[in-house]
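K.L.:
For reference, the structure I am asking about is given below.
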Amino acid sequence: MSKNNYDFNTVEEKWRKFWEKEKIYKFDPSSNKKIFSVDTPPPTISGRLHMGHAFGDAQQDFFVRFKRMRGFNVLNPFGTDNNGLPTLKLVEKEKKVDSRKMKREDFIDLCNKVIHEEFIPMFLDGVKRLGISADFDLFYSTIDKRSRKISQKSFLDLYKIGREYRLEAPALWCPNCQTTIAQMELEDKEVKSSFVDIVFKVDGKNLIISTTRPELLPASVAMFYHPKDKRYKHLKGKNATVPLFNFEVPILEDERAEMDKGTGIAYCATFGDQTDMEWQKIHKLPIKEAITLDGKMTSIAGEYKGMDIKDARRKIINDLREKKLLLNEKKIIHIVNVCERCGTEVEFISHKQWFVKYLDLKKDMLKWGKEIKWHPRYMRQRYNNWIHGLKWDWCISRQIPFGIPFPVWYCKNCDEVILAKEKDLPVDPVEDKPSVKTCPKCNCKEFIPEKDIMNTWATSSLTPTIIHDLLKDTKISSKIKNKPMDIRRNGQDIITFWDFNTIVKSQLHYKINPWKELYINGWILGRDGHKMSKSRGNGISPDDVIKEWGADVLRYLSSSVKPGEAVAFSDKELVAGKKFITKLLNASKFVFMNLEDYNGKKPKKLEKIDELFLIKLNNLIQEATNYFEIYEFSKAKAEIEKFFWQIFCDNYLEIIKKRIYNEKGDKRISAQYTLYQSLLAMLKMIAPLMPFIAEEIYQGYFKKTQKDKSIHLSNWPEKMGVKGKTETFDLMIEVISKVRQKKSKAKKAMNSEIILTLEKKQADKLKSVVDDLMAVTNAQEIKSGRFKVEFV
RNA sequence: GGUCCCGUGGUCUAGGGGUUAUGACAACUCGUUUACACCGAGUAGAUCGCAGGUUCGAUUCCUGCCCGGACCACCA
């Protein structure tokens, strides 16, 4: 450890390899220690570890390491999410293929290969560099065989208890690519369009509505105005006649109609947009399809049948104009959703999809959320708001080739659902034969496999089940079965998906909550205070930070943020972390320079100032422990760092310096004992936050005299056996500080000799530490009187 | 649009009814002293976003507003 050049790259690699080789973080299923179980958040693998992952993982590691040192048998497996669309898109990009032009089977093979040979190892490398203390032998991927089986079994179980149903529902459809697409595959695009005012008739009078999509007129099913809108109140219950097509639709009230948009009254076509679909569902309106799968008008469009959407729109506008049913036409530019691959405006189509029925459980959901301890507490409101806003059951069908298939076939004749047998799981219905030879209902012998796959969340909401399955053959299996795990940690952005879905699934399957506590990690913004994103170009890669500053420093930054809050990326904080490490190294060097002859024993009697300092340390241990217990790492860090720097380095070390240089016997041993114990305690409290430097100092200095193989297997510091008030210590610091002030004002060196005059009251209080006071201030003599510093 | 969080020296930040308002970075002055100049000591720098209210007393609690951020939703 030469001065001024701590080679963190070498040091961190050394300890990383040591931890891995010695299996320091291996979970021991046969241990009798109390278990602390952590539900691993499987990050979506869409490239290398990014800053968001690093930040969250680091915070999880803070409490994982803390709990381990507190004596728990920590169950901290590691998983990755390699399911569904993000993986599909990454494979397409990296391997330059188009999943739509490949055989489903070939594409799935390719995905599996790339995931296991490239994505996971690359990601894990990043995680390990950060010093994450997970048990990587307890590993799962959300696409591996185990997960597929569990996910499909979950589907079967929910179906059997009547929690799943199949229903025609709108799906996003690209008329050009001829496929359903996911929301993630949409892009916003500005397009020129016309906002036209057209005339409906009610009781022979004109009723004007504004729309950008007049071609959907033949699919009109209703008109809507806002319940508070007096202009239209008198129309309630009446019918309006649709122009050109001459059929009637009811006029209804709904809060989703915006009074100041257009004329304040809108027409609803079943699959016009999201609102239209909500109206259709809630007001139980008929479904009318105006557009075919290849983007042409259907037969309900009458004379416009077979035309392209845009041609039909133009012709309808013209025809309306001719018939004087078009009053106004405004050219506008608005944003529409287009397919990211071909730029075509997307439409909604009707498609049979699977749903998990849970809308009836809103009250229970709120109750379940309340039973979990949230950190920070206010984050539960995100969960509550989500539940209050739920309008649909959970659609778990996704129309993409890669993911976990539904274990389902349908009878070709009567559409009867044929479930896979549990013992055959996992199945791919496209590849595998159905579980029956003939349809139990109609005796038909032909079956159609379900080609859709299950939404990623349908699987990643099962991580507690997957983790339990990883341990199913071990002694502890029964201990953790049907019990909530201790904690899950994740970002605030997935409370509504992941946390929510996991709670729901756990309750539906096991009637328990998945975990007792939920920690929402603080997160990091770019240097500009905005979320890191490609479009802003403000992204920072954890790899680069680790290379330049070391993993400990990045972790130091992660420990600066409060639970659930955001901080901007701060280079200053990196500098502070680096300086902290340097200071730790130097202080440790000083301590052990003076411990060469130390036998590890307690002195017969502690010097007063040493005792007082240890009481101070006790207070810190208490405080830091409390903060770690409630996941307030930034506060723990601040307290530990402040104590180490200001009390230990700036004052205590200065105070005992001369004693330890010059004295022999018990006075020296007292200081040695105090130095050894306090540095070890501080180091242990730093270990969860900055594990590399803590291990480096532990192994370099303490290992000789400590039994634990690694500091990370050692016990969290206990309070020293000292008690009492610390006013004398504080007064001592105050006097030292005043003397320093005088010396500085007089432009003298800090070690210049003085004669110190103290008020009698103060002098009396400091009697027990007077030798150390004289030493640290370099006072030849202490007189009584008004406070004064005289230079000799 | 809804919800939540935040606003404290130049910058970042701690605190949370009565404090001398914490610390870091930057600035300035001084200091080579057997851990550390990637250091130490000291100095200056803050009407605690704005306006009301509660209170003997508000930076802290309440209400409204403004600013920044995030999440969710929406865009006929």
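K.L.:
Work out how much length A:Lys367 to A:Glu118 would gain on full extension: take 0.36 nm times their residue separation and subtract the Cα-Cα distance, in nm to one decimal.
P.N.:
Contour length minus Cα-Cα distance gives 85.4 nm.
K.L.:
How would you rank A:577-586, A:555-564, highest first, on the average number of other Cβ atoms within 10 Å across their residues?
P.N.:
A:555-564, A:577-586
K.L.:
Within straight cross-link reach of A:Lys33, meaning Cα distance under 15 Å, which aspartates and glutamates are found once same-chain residues fewer than 8 apart are removed?
P.N.:
A:Asp486
K.L.:
Given all pairs of different Cα atoms, what value in angstroms does the Kirkwood hydrodynamic radius of segment A:1-123 take?
P.N.:
17.5 Å is the Kirkwood radius here.
K.L.:
At a Förster distance of 25 Å, what's the computed FRET efficiency of A:Asp666 paired with A:Arg70, Cβ-Cβ distance as r, to 0.05?
P.N.:
0.15
K.L.:
Now for a different question. What does the charge count around A:Glu422 come to, taking other residues whose C-beta lies under 15 Å from its C-beta (Lys +1, Arg +1, Asp -1, Glu -1)?
P.N.:
+4
K.L.:
Just to check I understand the Karplus step: with θ = phi - 60° and J = 6.51 cos²θ - 1.76 cosθ + 1.60, what whole-Hz values come out for segment A:40-51, glycine and proline as x?
P.N.:
5, x, x, x, 5, 7, 10, x, 6, 3, 10, 4
K.L.:
With Cβ to Cβ distances under 10 Å as the rule, what net charge do the other residues near A:Leu471 carry (K, R +1; D, E -1)?
P.N.:
Its environment carries a net charge of +2.
K.L.:
Please give the charge dipole size of segment A:29-175, origin at the Cα centre, charges +1 on K and R Cβ atoms and -1 on D and E Cβ atoms. Round to the nearest 20 debye.
P.N.:
Roughly 320 debye for segment A:29-175.
K.L.:
Can you work out the Karplus-derived ³J(HN,Hα) for every residue in segment A:387-392? Use 6.51 cos²θ - 1.76 cosθ + 1.60 with θ = phi - 60°, whole Hz, and x for glycine or proline.
P.N.:
So the Karplus estimates, Gly and Pro as x, are 5, 4, x, 4, 10, 10 Hz.
K.L.:
If you don't mind, another one. 5 Å is the cut-off here: which amide hydrogens, built 1.01 Å from N in the peptide plane, fall below it relative to A:Leu525, excluding neighbours closer than 5 in sequence?
P.N.:
HN-HN under 5 Å from A:Leu525: A:Val567, A:Ala568, A:Phe569.
K.L.:
Would you mind computing, in nm to one decimal, how far apart the modelled labels at A:Thr438 and A:Ser535 are, each placed 7 Å from Cα along Cα→Cβ?
P.N.:
5.9 nm
K.L.:
What dipole magnitude, in Debye to the nearest 20, does chain A give about its Cα centre under +1 on Lys/Arg Cβ and -1 on Asp/Glu Cβ?
P.N.:
2420 debye
K.L.:
Cut-off under 16 Å on the C-alpha distance; same-chain residues fewer than 8 positions from A:Lys657 excluded. Which lysines are left, in chain and number order?
P.N.:
Output for A:Lys657: A:Lys589, A:Lys608, A:Lys667.
K.L.:
Check cross-link reach from A:Lys296 to the lysines: straight Cα distance under 19 Å, and skip same-chain residues fewer than eight apart.
P.N.:
Candidates past the 8-residue exclusion: A:Lys288, A:Lys305, A:Lys310, A:Lys315.
K.L.:
Here are some pairs, A:Lys21/A:Lys423; A:Lys637/A:Lys723; A:Lys604/A:Lys707; A:Lys547/A:Lys616; A:Lys516/A:Lys616; which of them have Cα atoms lying more than 29 Å apart in this structure?
P.N.:
Checking Cα-Cα distances, A:Lys21/A:Lys423; A:Lys547/A:Lys616; A:Lys516/A:Lys616 exceed 29 Å.
K.L.:
Put +1 on the Cβ of every Lys and Arg and -1 on every Asp and Glu Cβ in segment A:532-678; which of A:Leu612, A:Ile669, A:Gly539 then has its Cα farthest towards the positive end of the dipole?
P.N.:
A:Ile669
K.L.:
Keeping all protein chains in position, work out how much accessible area A:Cys342 exposes to a 1.4 Å probe, and write it in Å² to the nearest 10.
P.N.:
50 Å²
K.L.:
Here's another thing I want to ask about it. Among residues other than A:Glu215 whose Cβ falls under 10 Å from its Cβ, what is the net charge (Lys/Arg +1, Asp/Glu -1)?
P.N.:
Neighbourhood net charge equals +3.
K.L.:
May I ask you to order A:309-321, A:51-63, A:379-391, A:35-47 by the average number of other C-beta atoms within 10 Å around their residues, highest value first?
P.N.:
A:51-63, A:35-47, A:309-321, A:379-391
K.L.:
Ok, one more. Test of understanding: what is the full-extension gain from A:Lys95 to A:Asn176, defined as 0.36 nm times their sequence separation minus their Cα-Cα distance?
P.N.:
Full-extension gain reported as 26.8 nm.
K.L.:
Can you tell which of A:Ile35, A:Leu90, A:Ala54 lies farthest toward the positive end of the dipole of segment A:1-93, using +1 and -1 charges on the Cβ of basic and acidic side chains (Lys, Arg; Asp, Glu)?
P.N.:
Of the options given, the answer is A:Ile35.
K.L.:
Additional query: Run the paramagnetic zone check for A:Leu390: 7 angstrom along Cα to Cβ, then residues of segment A:513-556 with backbone nitrogen under 17 Å.
P.N.:
Answer for segment A:513-556: A:513-515.
K.L.:
Considering Cα pairs under 8 angstrom that are at least six residues apart, work out the relative contact order of segment A:444-511 and quote it in whole percent.
P.N.:
With pairs under 8 Å counted, the relative contact order is 50 percent.
K.L.:
Quick check: at a probe of 1.4 Å, how many percent of the accessible area of segment A:122-216 sits on carbon and sulfur atoms?
P.N.:
With neighbouring chains kept in place, the figure for segment A:122-216 is 47 percent.
K.L.:
Does segment A:708-792 classify as rounded, prolate or oblate by the C-alpha gyration tensor (a ≥ b ≥ c root eigenvalues; a/c under 1.5 gives rounded; else a/b over b/c gives prolate, otherwise oblate)?
P.N.:
Here segment A:708-792 falls in the prolate category.
K.L.:
Also: Please check which bits of segment A:198-218 a label hung off A:Ile332 would reach, taking the label as a point 7 Å along Cα-to-C-beta and the cut-off as backbone N under 16 Å.
P.N.:
Flagged as within label range: A:198-199, A:208-216.
K.L.:
Next up: With all protein chains present and a 1.4 Å probe, how do A:Ile754, A:Ile161 order by accessible area, largest first?
P.N.:
Heavy-atom accessible area, descending, gives A:Ile161, A:Ile754.
K.L.:
Now for a different question. Per 20 Å bin, what percent of the C-alpha pairs of chain A does each bin hold, from zero upward?
P.N.:
13, 36, 28, 15, 7, 1
The values are calculated or read from the model by the stated rules, or taken from the named source; none is laboratory data. Treat the numbers as computed from the prediction; the structure is a model and nothing was measured. For neighbour counting, all protein chains shown are included, and Cβ atoms are generated from backbone atoms with ideal geometry for every residue, glycine included. What goes into the accessible areas is simple: the full protein's heavy atoms, side chains included, and nothing from ligands, DNA or RNA. Shrake-Rupley method; radii C 1.70, N 1.55, O 1.52, S 1.80 Å.
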